[in-house]
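**Student:** Would you mind keeping the following structure in view while I ask a few things?
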Amino acid sequence: VHANTGELALKARIVELEQQYVLHSWSKQGSYDSPVVVGGEGSWFFDSDGNRYLDFSSQAMSNNLGHQHPDVVRAIVDQANKLCYAVPSFATEPRALLAQRIADKSPGALTKTLFTTGGAEANENAIKMARFFTGKHKILTRWRSYHGATAGAMTLSGDPRRWAMEPGIPGIVRVLDCYCYRCPFQLSHPECKLRCAEHIGEVIELEGHHTVAAVLVEPVVGSSGIMVPPDGYLERVAEICRANDVLLIFDEVMCGFGRTGTWFACQHWNVAPDIMTLAKGLTAAHIPLGAVVVSAQIAEHFDDRTLYCGLTYSGHALACAAGLAALDAYERHEVIDNARAMGELLGSKLQRIADRHHSVGEIRGLGLFWAVEMVRDRETRERFVAWNQTSPVLTQVAKEAMQKGLFLPVRWNFFMIVPPLIITQEELLHGLEIFDEVLEAADREIGV
Ligand SMILES: Cc1ncc(COP(=O)(O)O)c(C=O)c1O
């Protein structure tokens, strides 16, 4: 399909209005050019020029059910016809049913949910509850992490976007990561005996365990490079937390809801948090919704103490109806089984791609959550760019992919392969074929 003159004029007009009236996230505002997205279906989205893109990003790693899932769209329309919104102190059917479903699916003894409008707010409220419950104030997080862009959530994040907002909120202490490919302790698993987990215990001791309320981690790290923890790591961190009366908070905003091939990423291991935060896949991005799910023990603490948390849109009826329909869709259409099966295929195909391209340093991931870390030299693992730099070569590769109809997320030295969980084998192979082709540019750059 080719855009006609009228459509081209419309595109130019929308981009012009965006440039003039919209402030855009994480970018300099001086110039703006972007496709105008007009629709989507399944793993594809469409722009105003009639181009179709296979979405290897699930937009913001959020459209786990693809675009415009009919079950979720129908549920939103039905709910809109009944009741769009009630003040959070009133009960509503979709909120009650969704909270029950989340409790059923959640790991461990997590029972009660506070709804928010997104992931950052979920983390804000999680640390508030951890502080109320423990009476302590410090929160330990890792450098290679992202927990959201509000003032508190940005301080929780190790992600360098926090620099612009520092000093941030008080009481946040950062610890080193489980980044095995570039181990901060220069050790290898399993001989390392999980030094990175022990390090967290050491920091709790040095900070004073009587001051530490919680350790907050993404069970599988997302936008800092998709890092799957070594086996035993999360269990050991949980043990250290328990021994020190410190709560464990899992941020499952990106890695939850089937992304890694299980309902929640932590379910790959024998571990459960005291508090879990959710968003993105909860409604598969059809309507903004986040959640903080807490253990029965933490919930009971607030039976006779005021919970000083609240939002106008906590448990918005439309969002909860979308969440309920999304959870139904994950089950009814066996979406998480598909994520697991497609994830295995993706892992094996990526290995073949890595074997062919010398610019690929490491592939790592679980389910449909993969990173391809690029290097100038496989032996020395020399990076294309330093942390927080943009690689012109990788940017060019992603641009070429887009020209060939593949939306491929790129950051620093890595590509992310994070398609909708409903992707078919044919679509996955098609996207990987394009990826394989465009990686040639990176190989050329390093002269192989
Ligand atoms: C792990 C994680 N936590 C929290 C957030 C913040 O969520 P939101 O952008 O909905 O506030 C994100 C967003 O990418 C995330 O990846």
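**Student:** Can you tell me which residue in region 98-128 is surrounded by the most Cβ atoms within 10 Å (Cβ to Cβ), limited to those that are assigned to a loop (DSSP other than H, G, I, E, B) and within 16 Å of the ligand (Cβ to nearest atom)?
**Tutor:** Step one: list which residues in region 98-128 are assigned to a loop (DSSP other than H, G, I, E, B), which gives 106-109, 117-118.
Going one step further and asking which of them are within 16 Å of the ligand (Cβ to nearest atom), we end up with 117-118.
Numbers: Thr117: 19, Gly118: 21.
Only one residue fits best here, namely Gly118.
**Student:** Of Leu428, Leu406, which residue is farther than 23 Å from Val448 by Cα, in contact with a strand residue (DSSP E or B) (Cβ under 8 Å, 6 or more places away or on another chain) and open to solvent by less than 10 Å² (accessible area, probe 1.4 Å)?
**Tutor:** On the way: Leu428 fails: in contact with a strand residue (DSSP E or B) (Cβ under 8 Å, 6 or more places away or on another chain).
When all the criteria are applied, what remains is Leu406.
**Student:** Here is a further query. Quick check on region 237-264: of everything there that is closer than 16 Å to Asp337 by Cβ and touching a strand residue (DSSP E or B) at 6+ places or on another chain (Cβ under 8 Å), which residue is farthest from the ligand (Cβ to nearest atom)?
**Tutor:** In this case the residue turns out to be Gly261.
**Student:** Just for region 209-220: of the residues that are assigned to a loop (DSSP other than H, G, I, E, B) and in contact (Cβ under 8 Å) with a residue 60 or more places away in the chain, which one is nearest to the ligand (Cβ to nearest atom)? So that I can check it myself, show each step before the final result.
**Tutor:** As a first pass, look at region 209-220 and keep what is assigned to a loop (DSSP other than H, G, I, E, B): 218-220.
Checking the rest, the ones that are also in contact (Cβ under 8 Å) with a residue 60 or more places away in the chain come to 218, 220.
Working: Glu218: 5, Val220: 9 Å.
If we take residues in region 209-220 being assigned to a loop (DSSP other than H, G, I, E, B) and in contact (Cβ under 8 Å) with a residue 60 or more places away in the chain, then Glu218 is nearest to the ligand (Cβ to nearest atom).
**Student:** Tell me, please, whether a residue that is under 30 Å from Leu97 (Cβ atoms) and either buried (at least 20 other Cβ atoms within 10 Å of the Cβ) or modelled with pLDDT of 95 or more (or both) can be found in region 342-350. Let's see the steps before the verdict.
**Tutor:** From region 342-350, those under 30 Å from Leu97 (Cβ atoms) are 342-343; that's our starting set.
Now narrow it down to the ones that are either buried (at least 20 other Cβ atoms within 10 Å of the Cβ) or modelled with pLDDT of 95 or more (or both): 342-343.
Yes, because at least one residue in region 342-350 is under 30 Å from Leu97 (Cβ atoms) and either buried (at least 20 other Cβ atoms within 10 Å of the Cβ) or modelled with pLDDT of 95 or more (or both).
Conditions (1) within 16 Å of the ligand (Cβ to nearest atom); (2) assigned to a loop (DSSP other than H, G, I, E, B); (3) touching a residue at least 12 places away in the same chain (Cβ under 8 Å), marked per residue:
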position	(1), (2), (3)
Met154	yes, no, yes
Arg161	yes, no, yes
Cys178	yes, yes, yes
Gln186	no, yes, no
Ile200	no, no, yes
Val203	no, no, yes
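**Student:** Right, something else. Quick check on region 129-146: of everything there that is more than 15 Å from the ligand (Cβ to nearest atom) and of a type in the set (A, V, I, L, M, F, W, C), which residue is surrounded by the fewest Cβ atoms within 10 Å (Cβ to Cβ)? Even if it seems obvious, please write down each step before you answer.
**Tutor:** Within region 129-146, the subset more than 15 Å from the ligand (Cβ to nearest atom) is 129-138, 140.
Keeping just the survivors that are of a type in the set (A, V, I, L, M, F, W, C) gives 129-130, 132-133, 140.
Values: Met129: 26, Ala130: 26, Phe132: 17, Phe133: 22, Leu140: 23.
So the residue we want is Phe132.
**Student:** With Ala197, Ala153, Ala149 as the choices, which residue is open to solvent by less than 10 Å² (accessible area, probe 1.4 Å), within 27 Å of Ile298 (Cα to Cα), out of contact with any Phe, Trp or Tyr (no Cβ under 8 Å at 6 or more places or on another chain) and modelled with pLDDT of 95 or more? I'd like the intermediate steps shown before the answer.
**Tutor:** Numbers: Ala197 fails: out of contact with any Phe, Trp or Tyr (no Cβ under 8 Å at 6 or more places or on another chain); Ala149 fails: open to solvent by less than 10 Å² (accessible area, probe 1.4 Å).
Of Ala197, Ala153, Ala149, the one residue that is open to solvent by less than 10 Å² (accessible area, probe 1.4 Å), within 27 Å of Ile298 (Cα to Cα), out of contact with any Phe, Trp or Tyr (no Cβ under 8 Å at 6 or more places or on another chain) and modelled with pLDDT of 95 or more is Ala153.
**Student:** From the list Gly39, Gly30, Gly66, Gly6, pick out the single residue that is surrounded by fewer than 15 Cβ atoms within 10 Å (Cβ to Cβ) and under 24 Å from the mean Cα position of the chain (by Cα).
**Tutor:** Gly39
**Student:** Can you name every residue in region 391-421 that is in a loop (DSSP other than H, G, I, E, B) and more than 22 Å from Gly365 (Cα to Cα)? Talk me through it step by step, then tell me what you get.
**Tutor:** Initial filter on region 391-421 (in a loop (DSSP other than H, G, I, E, B)): 391, 404-405, 408-409, 412-413, 418-421.
Matches in region 391-421: Lys404, Gly405.
The values are calculated or read from the model by the stated rules, or taken from the named source; none is laboratory data. Remember, predicted model here, so these are calculated numbers, not experimental data. Cβ sites come from the backbone with ideal geometry, for glycine too, and all protein chains shown count toward neighbours. SASA here: full protein model, heavy atoms, side chains in, ligands and nucleic acids out. Shrake-Rupley method; radii C 1.70, N 1.55, O 1.52, S 1.80 Å.
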